Amino acid sequence: MSYSPWQKAEVPGTKRGIPLQRPEVLSAILKKSKRPILIVGHKSVEMAIKDKKLIDYLIDLAKTSRIPIIATAHIIKEFSNRDFENVTSMPVMDIANRLKDPDWKGLDNLGPYDLALFAGLPYYMEWLILSGLKDSKSLKTISIDGFFQPNASWSTPNISSSKLGDFLDDLIRKLGVN
Amino acid sequence: MWWHQILVKRKNIELNIKELNSNIGLMKDFKLSIGAVLEKAKEEEVGPTTCPSITDLRDWDMKLLQRYKPFYMPFCDLCCLCTFGKCDLSDGKRGACGLDKEAQQSRIVLVACCIGAATHTGHARHLIDNLIEKYGRKHPIDIGGTNIDINAPVSELVTGIRPSTLGDLEDILDYLETEITHLLSATHTGQEGDNFDFESKVFHAGMVDQAGMEVADIAQISAYGFPRADPDASLVDIGLGAVDVVKPVIMIVGHNVPPSIGIVDYLTENGLYENVEVCGLCCTAHDITRYSPKAKIVGPISWQLRFIRSGIPDVLVVDEQCIRADSLVEAKKIGAPVIASSPKNCLGLKNRTDDSADEIVNDLVSGKVEGALILDPDKVGEVAVRTAMQIAPKRKKFKVIPNLDELIKQANKCTQCDECRRACPNDMRIPEAINQAAKGNLKKLAKLYEECIGCSRCENVCPNELQIHSFITKAAEKIMKEEKYKIRSGRGAIQDVEIRRVGGPIVLGEIPGVVAHVGCANYPKGGEEVAEMIEEFARRRYIIITSGCAAMSAAMYKDKDGKSPYEVHSGDFDAGSVLNVGSCVSNSHIAGAAIKIASIFAKRKLNSNYEEIADYIHNRVGAVGISWGAMSQKAASIASGFWRLGIPVIVGPHGSKYRRMLLGRKDNDNDWYVYDARTGERVYGGPAPEHLFYAAETKEEAMVMTAKLCMRPNDTTKGRAIKLTNYIDLHKRFYGRLPDDIELYVRRLSDIPITMKDEVIRILDKKDWNERIIPDPTLLPRMIRKKGQKK
């Protein structure tokens, strides 16, 4: 496991995210969060993990933890193709811009989110968006696609797709049990 | 006694006194103009902002910035520009100078845009100096004969100067250079401290940049006889396969064309053009085909390394901008001498400008020197041609691309460490491809060719020093040799008569939009995506304008009949056309077309009337810029010139690295109110356009957003219905459903596309939608027309 940025030159400044090494930690963070949201980029459809795609794991995660999903780019169609409709489509720049705003009331108008999970975006785009959000006082961020994001509050390290699959399987199992 | 505004220009003086209270009496709104400005003032009423200072358009900028607030994505938490050392700006901290993170980020954006504006303006200055020396200060500006009355819409809008000779362009440059100096000085430690004010200056840099580009292009069109607003400019060859490798080959790279003109002139004057191949990359290549349709374009800037390593060039001539800094190193590997021809890019070479051509040629051909700096374009022409002809038989197209056996042998040294992939901007699966290559299968390597942007970062990090970029080039050898396409040579400006013809349909929305594909070749998935987007929107009868590397990428994909977009579509400024305006500096004609719609079609005063013209464009002209592979600081300043005119720009995902977006919030209704110029009432105009600067993640997202960003508050119901048809249709195709914001764009029932009526009305009913008025929109209170009140 490696805690350097996946794209090695993408070093941040003084604030660096904490590596998420165990699913238990993420499970605990998710349970503590009152208003989490999961942002899913188009690469989740391309990223193969074991015999599935990343998007399939993320749908299972959302079903188990009841976290609302925002599908960025054009991939809401992919959720429909998988008969998962509890998802909102929004460009990643728009959701990032709204998350930055402490007064945004969220998709359901019930108040701001306190935790944003990211997965499946182009690495550098996610890096920059997390940089834009990293000084937020009311929002924590997590990257969960197996490429270490130093600007996130927590991030999975650089791990192989099969290890990421194990991590997500374990996480979903733990969330389901409780 | 106090003075509100004094503007003194070098050759002309204009004095504006708002109020002067002296012992003689009280004087109000006194204006004195001496010289050229007075002369122009006789021809057309002068607007309020002649040669605006860095604060004169600040109010307009703030209107835009209140609606499209910056979203910052810093590369770093730190500022490291002064000897206070690195200051940590995270978590709301301020640096030792007092600057916070947002201001620092906007400061960096301003630095980038100053670099871009200075580059184009410096390019223009060098070009004008060269052309004046050759053709004289009184050489007339003519960019379209009788088809064009307004030669320089951007410059006239900004400076009030309507140039008629090359010498007039010097006056414009004087102003632009002053502004760039002020703008750059604002980034010094202890100067500007507010991020919105930095952003306003970013807009100013963009405006300056547009004028600088215009000066450069109208000068070269006029002096060199490039196509003059010609929709039928020649179709020329593009692609590596189009280059005749049997001949001595001169490769030109860069943006400032005089040295390349020197080459073509020498060949022509000495009857040698049939014996030597002249081909180029990037904008110099565009411009040399505007001068000589026999010249060829190899491709966009990302083809530079692969073309050099192919061994085809016998001589490499570089001028300025976007040239690889290691071009001398790379050329040396293939034994091709380099001629540097710009003071901005000397490459460490000895200045041989004053040496005889014989001496320089002898030294280059014998290998005594690996290159020469020659700052005389005509001498560059002679030396390049003679050197190419003499060295070609010796070089025998020596290349550094490995043969198959060598490639496989080298690939077996790969340890699968992933360093190459982790350095690749596009995260290409290079290790997997090398692994396959080691087993003799080059298919995966060849597949990388299309997506490779030619940066060679993979090679630089490889611990085993594998020449990965050369491997990819070898694997795609067959593809490269088959690259042979047609591109229409840069036509230059848009004719006034074309503006008259389509101005109405554009402003009313019946032509759904003007989409400009511009910029560099830093694509996320290859240039084919540009071609796809262009074809989709041309088919939908948008007007498609291209320039620079994007224009080349569009040409390099054929339809099922084997034709490029330029062969299929007309080069007119009209619905369904695909027109290439030319090089980077030709981008000014895109802004110029939007300005001319306001000026010629809508008869808004042009001279020094920036705010009103921008307000018109922002609210009425459905134009969108797309820079899918934006990479450079020049691309940043080009975009910022469009922002100040209120024209939205979409960039590809790599464009997020400009580190700041300008994003609207359609969920904040208050942001989208405009004045109805008929009544003075503030009315909801809808989020149109929704964003000013926006990075899309995928081409599908970009296409849907393009259709949406073409909507304007002024659209007629017929026009809005056409625009909505495209937006909804593309959304359904790519997203598999209707957009969730239709109610914001349907103002009246008659806006709804007839074929979509039922499904749209169902949505509107669910959202408690009500009809609203279609305003005569403006953001400027002074544009309100009340009874008996003049504009």
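The values are calculated or read from the model by the stated rules, or taken from the named source; none is laboratory data. Just so we're clear, the structure is a prediction, and the values are computed from it rather than from any experiment. Cβ placement follows ideal geometry from the backbone for every residue including glycine, while neighbour counts extend to all protein chains displayed. Protein only, heavy atoms only, side chains kept; ligands, DNA and RNA dropped before computing areas. Shrake-Rupley method; radii C 1.70, N 1.55, O 1.52, S 1.80 Å.
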Practice prompt. Please verify whether the stretch A:86-93 includes one or more residues that are part of a loop (DSSP other than H, G, I, E, B), out of contact with any helix residue (DSSP H, G or I) (no Cβ under 9 Å at 6 or more places or on another chain), within 12 Å of chain B (Cβ to nearest Cβ) and surrounded by 19 or more Cβ atoms within 10 Å (Cβ to Cβ).
Written response: no
Discussion item. Taking the conditions exactly as written (under 23 Å from the mean Cα position of the chain (by Cα) and either outside any helix (DSSP H, G or I) or charged (D, E, K, R) (or both)), does B:PHE84 satisfy them or not?
Written reply: no
Practice prompt. Out of the residues in the stretch A:124-138 that are farther than 16 Å from B:LEU89 by Cβ and open to solvent by 10 Å² or more (accessible area, probe 1.4 Å), state the one that is nearest to the other protein chains (Cβ to nearest Cβ).
Written response: A:TYR124
Item to complete: May I ask you to verify whether A:ILE55 is assigned to a loop (DSSP other than H, G, I, E, B), under 12 Å from the mean Cα position of the chain (by Cα) and away from chain B (no Cβ under 11 Å)?
Response: no
Worksheet entry | Out of A:ASN97, A:ASN81, sole residue that is open to solvent by 10 Å² or more (accessible area, probe 1.4 Å), within 27 Å of A:PRO12 (Cβ to Cβ) and polar (S, T, N, Q) | A:ASN97
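Looking at B:ILE453, is it free of Cβ contacts under 8 Å to residues at least 40 places away in the same chain, β-branched (Val, Ile, Thr) and open to solvent by 20 Å² or more (accessible area, probe 1.4 Å)?
It is false that B:ILE453 is free of Cβ contacts under 8 Å to residues at least 40 places away in the same chain, β-branched (Val, Ile, Thr) and open to solvent by 20 Å² or more (accessible area, probe 1.4 Å).
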Worksheet, complete the sentence: Checking A:ALA62, A:ALA73 in turn, the sole residue that is among the hydrophobic types (A, V, I, L, M, F, W, C) and either free of Cβ contacts under 8 Å to residues at least 12 places away in the same chain or not in a helix (DSSP H, G or I) (or both) turns out to be A:ALA73
Response to the item:
In the stretch B:258-273, residues that are without any contact (Cβ under 8 Å) to a residue 40 or more places away in the chain and farther than 20 Å from B:VAL298 by Cβ total 3
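Pick from the stretch B:85-111 the residues that are of a type in the set (A, V, I, L, M, F, W, C) and without any contact (Cβ under 8 Å) to a residue 24 or more places away in the chain: which of them is farthest from the other protein chains (Cβ to nearest Cβ)?
It comes out as B:ALA96.
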Discussion item. Anything in the stretch A:1-42 that is away from chain B (no Cβ under 14 Å) and assigned to a loop (DSSP other than H, G, I, E, B)? List them, or say none.
Written reply: A:LEU20, A:GLN21, A:ARG22, A:SER33, A:LYS34, A:ARG35
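Hey, any hits in the stretch B:557-564 for a residue that's under 21 Å from B:CYS283 (Cβ atoms), open to solvent by 10 Å² or more (accessible area, probe 1.4 Å) and not hydroxyl-bearing (Ser, Thr, Tyr)?
So the first thing to find is which residues in the stretch B:557-564 are under 21 Å from B:CYS283 (Cβ atoms), and the list is B:557, B:564.
Restricting the remaining residues to those that are open to solvent by 10 Å² or more (accessible area, probe 1.4 Å) gives B:557.
Right, trim to not hydroxyl-bearing (Ser, Thr, Tyr) and you get none.
No: the stretch B:557-564 contains no residue that is under 21 Å from B:CYS283 (Cβ atoms), open to solvent by 10 Å² or more (accessible area, probe 1.4 Å) and not hydroxyl-bearing (Ser, Thr, Tyr).
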Discussion item. Filter the stretch A:5-17 down to the residues that are more than 23 Å from A:ILE95 (Cβ to Cβ) and open to solvent by 40 Å² or more (accessible area, probe 1.4 Å) and list them by number.
Written reply: A:LYS8, A:ALA9, A:VAL11, A:THR14, A:ARG16
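Kindly indicate whether B:PHE693 is within 14 Å of another protein chain (Cβ to nearest Cβ), under 31 Å from the mean Cα position of the chain (by Cα) and without any contact (Cβ under 8 Å) to a residue 40 or more places away in the chain.
Numbers: within 14 Å of another protein chain (Cβ to nearest Cβ): yes; under 31 Å from the mean Cα position of the chain (by Cα): yes; without any contact (Cβ under 8 Å) to a residue 40 or more places away in the chain: no.
For B:PHE693, the condition - within 14 Å of another protein chain (Cβ to nearest Cβ), under 31 Å from the mean Cα position of the chain (by Cα) and without any contact (Cβ under 8 Å) to a residue 40 or more places away in the chain - is not met.
Listed residues B:LEU645, B:LEU662; which is closer than 24 Å to B:VAL154 by Cβ and away from chain A (no Cβ under 11 Å)?
Step by step, each of B:LEU645, B:LEU662 is checked, and only B:LEU645 is closer than 24 Å to B:VAL154 by Cβ and away from chain A (no Cβ under 11 Å).
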Worksheet item: In the stretch B:185-240, what residues are polar (S, T, N, Q), within 24 Å of B:ALA117 (Cα to Cα) and in a loop (DSSP other than H, G, I, E, B)?
Response: B:THR187, B:THR189, B:GLN191
Response to the item:
Over the stretch B:133-154, the set of residues small (Gly, Ala, Ser) and in a helix (DSSP H, G or I) is B:GLY145
Worksheet item: Looking at the stretch B:633-666, which of its residues are open to solvent by less than 10 Å² (accessible area, probe 1.4 Å) and of a type in the set (S, T, N, Q)?
Response: B:SER637, B:SER640, B:SER656
Worksheet item: Looking at (1) without any contact (Cβ under 8 Å) to a residue 40 or more places away in the chain; (2) of a type in the set (Asp, Glu); (3) within 26 Å of B:VAL497 (Cα to Cα), which is the one condition that is false for B:ASP667?
Response: (3)
Fill in: Of all residues making up the stretch A:94-103, the number that are more than 8 Å from chain B (Cβ to nearest Cβ) and within 23 Å of A:LYS31 (Cα to Cα)
3
Response to the item:
Taking the stretch A:29-55 and keeping only residues that are out of contact with any helix residue (DSSP H, G or I) (no Cβ under 9 Å at 6 or more places or on another chain) and open to solvent by less than 80 Å² (accessible area, probe 1.4 Å), one is left with A:ILE29, A:SER33, A:ARG35
Worksheet item: What are the residues in the stretch B:497-511 that are among the acidic types (Asp, Glu) and crowded, with 21+ Cβ neighbours inside 10 Å, if any?
Response: B:GLU498
Worksheet item: Restricting to the stretch B:711-763, what's the tally of residues that are under 17 Å from B:VAL515 (Cβ atoms), within 13 Å of another protein chain (Cβ to nearest Cβ) and open to solvent by 50 Å² or more (accessible area, probe 1.4 Å)?
Response: 0
Worksheet item: Scanning for something acidic (Asp, Glu) and within 27 Å of B:THR55 (Cα to Cα), does the stretch B:201-222 turn up at least one residue?
Response: yes
Discussion item. For the stretch B:293-330, give me the residue count where each residue is over 21 Å from B:VAL276 (Cβ atoms) and part of a loop (DSSP other than H, G, I, E, B).
Written reply: 8
Discussion item. Part of a helix (DSSP H, G or I), among the hydrophobic types (A, V, I, L, M, F, W, C) and open to solvent by 20 Å² or more (accessible area, probe 1.4 Å): which single residue out of B:ALA118, B:ALA124, B:ALA103 fits that description?
Written reply: B:ALA118
Worksheet item: Take the residues of the stretch B:457-490 that are within 14 Å of chain A (Cβ to nearest Cβ) and touching a residue at least 40 places away in the same chain (Cβ under 8 Å): which is surrounded by the fewest Cβ atoms within 10 Å (Cβ to Cβ)?
Response: B:PRO463
Worksheet, complete the sentence: If you go through A:LEU121, A:LEU115, A:LEU168, the only one that is at the interface with another protein chain (Cβ under 10 Å from one of its Cβ atoms) and aliphatic (A, V, I, L, M) is A:LEU121
